[in-house]
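Here is the structure we will look at.
Each reported figure results from applying straightforward, stated rules to the coordinates on display, with no laboratory input. Just so it is clear, the structure is predicted and the values come from calculations on it, not from any experiment.
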Amino acid sequence: MRQNKKTFSHLSLQDAKSIQPILKSIEKGIANGVMTFSDEDGEIILKPEGLLRFKVSASESETKHQLNIKISWNINDPKLDDKSILSVSSGNAKK
């Protein structure tokens with residue numbers, strides 16, 4: 001059983017426009033089956049395969065809005081926990 005765990009973490013301030021190419025690269029990486037994340041502190045290569053668990057959560061307060069996206073998968077264990085349907089729209093917010 002594989003016991004070693006390699007992690008990668010990156011935090012930066014970006015505007016909405018500069019985040020878009022990063023998200024598109026993640027999309028392409030999922031489609032191609034390999035994603036490389038790197039910065040001056042390190043690098044990790046992930047190979048998404050089988051069924052992916054997808055979790056999205058969003059919250060808002062007066063001073064902060066937050067979106068979290070989590071994608072995970074088990075190597076050689078293609079079990080699907082939930083087949084619920086997610087709907088995401090990208091229109092203008094109603095004021």
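Before moving on, here are some points about what is shown:
- Extension gain from Ser87 to Val34, taking 0.36 nm per residue of separation minus the Cα-Cα distance: 16.5 nm
- Hull shadow area, averaged, the stretch 16-72 [alpha-carbon convex hull, nm²]: 5.2 nm²
- Global size of the chain: 16.1, 53 Å for Rg and Dmax (C-alpha atoms, Rg to one decimal, Dmax whole).
- Degrees separating the helix 16-32 axis from the principal Cα axis of the chain, which is the longest one: 30 degrees
- Once the chain from Lys24 to Thr7 is taken as fully extended at 0.36 nm per residue, the excess over their C-alpha distance is 4.0 nm.
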